[in-house]
Amino acid sequence: MEKLMLSLWKPPQHSVEQWRQALLGLRDDLATAGARSIRVMVVDEAVAAASAQRITNSAVPLDGMLSLWLDSASQLPSIKALLTPLTSRLEAYLVLESEPYPEERQRRAAEYQVPVGQRTPGMNQVVLLHKPHRMSYEQWYDVWRNGHGPKAYPLQSIFGYRQNTVVRALTYGAPVLHAIVEENFPPEAIGNPEGFFAALGDPDKCAQRQQAMYESTSKFIDFEKIDCILTSEYRLSV
């Protein structure tokens, strides 16, 4: 099994709602093409209040993302054939997924379980990472995974955390990425730093955690290249 992540751009003639419904409507066709564990992420009105939390450096940031598993990445042409009529641009990556700290993740996620096909509560923060030039790949990977990774749950309200190391691009001309991170945040984190940093009603704790997170992320993130996109997430299959 191999995991693919596809960055998607909305055609200008579609409204966000039309586009979201069209993507969600691909569930059965994607499954027929061999896709499993399908998740659709879309920038929509449900996360509009989080616009101040968004960070973009790409000239045209993505509008959505599709995450799925296939028996083999060689099945991508069938997936692209379904998506191409619904996108103005598409970039695909083969990734290696890690879901660290399963005990904490499962404990937190239990509160936010919804049936397949329904919107996941809160928001999914999708982060596109580039290795800073100042670091070797080995240094960057170690700081990201072993230095910063353990701070994710203690400093934030996340209930889902997927670290996707990019193995290679699967579409011609796709920009270089080194990692794609997915973090599920609860509803109170949308547009609210205190909710984001699990410090509701405590501005001092929020400020302390925000500073600690910045100090940790600045060790391995190139803030002149990062894209941090807030999306709604729909899990379409298990």
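Quick notes on this structure:
- Taking one quarter of the surface of the convex hull spanned by the alpha-carbon atoms of the chain gives a direction-averaged projected area of 12.5 nm².
- Placing a pseudo-label 7 Å from each Cα along the Cα-to-Cβ vector at Val176 and Asn146 gives an inter-label distance of 2.4 nm.
- Span from the segment 1-72 Cα centroid across to the segment 98-167 one, whole angstrom: 18
- Annotation: amide H of Met123 within the under-5 Å range of Phe185, sequence separation 5 or more or interchain, hydrogens built in the peptide plane.
- Note on segment 110-199: semi-axes of the ellipsoid equivalent to its C-alpha gyration tensor, largest first and rounded to whole Å, are 27, 18, 11.
- Contact order, relative form, for segment 28-125: 32 percent (alpha carbon pairs under 8 Å, 6 or more residues apart, mean separation divided by residue count).
- For segment 72-149, the spread of Cα coordinates along the three principal axes comes to 41, 38, 24 Å, biggest extent given first.
- Structure-based [θ]222 nm, the chain - -39500 (n - 2.57) summed over DSSP H runs of at least 4, per residue, nearest 500: -6500 deg cm²/dmol
- The share of Cα pairs per 5 Å bin across segment 156-238, counted from zero up to the longest distance, runs 3, 11, 16, 22, 21, 13, 8, 4, 1, 0 percent.
- Derived scalar couplings between HN and Hα for segment 96-113 equal 10, 8, 10, 10, x, 6, x, 5, 5, 4, 5, 5, 6, 5, 4, 6, 10, 6 Hz in order, rounded to whole Hz, by the Karplus curve 6.51 cos²θ - 1.76 cosθ + 1.60 (θ = phi - 60°), x for Gly and Pro.
- Segment 30-71: radius of gyration and largest Cα-Cα distance (Dmax), Å: 13.9, 39
- Across the chain, the relative contact order, built from alpha-carbon pairs under 8 Å that are at least six residues apart, equals 33 percent.
- For Lys225, a cut-off of 28 angstrom between C-alpha atoms picks up these lysines, skipping any fewer than 8 places away in its own chain: Lys3, Lys10, Lys80, Lys131, Lys151.
Coordinate-derived values only; no laboratory data. All values reported here derive from a predicted model rather than from experimental measurement. Glycine also receives a Cβ, built like all others from the backbone with ideal geometry; neighbour counts cover every protein chain displayed.
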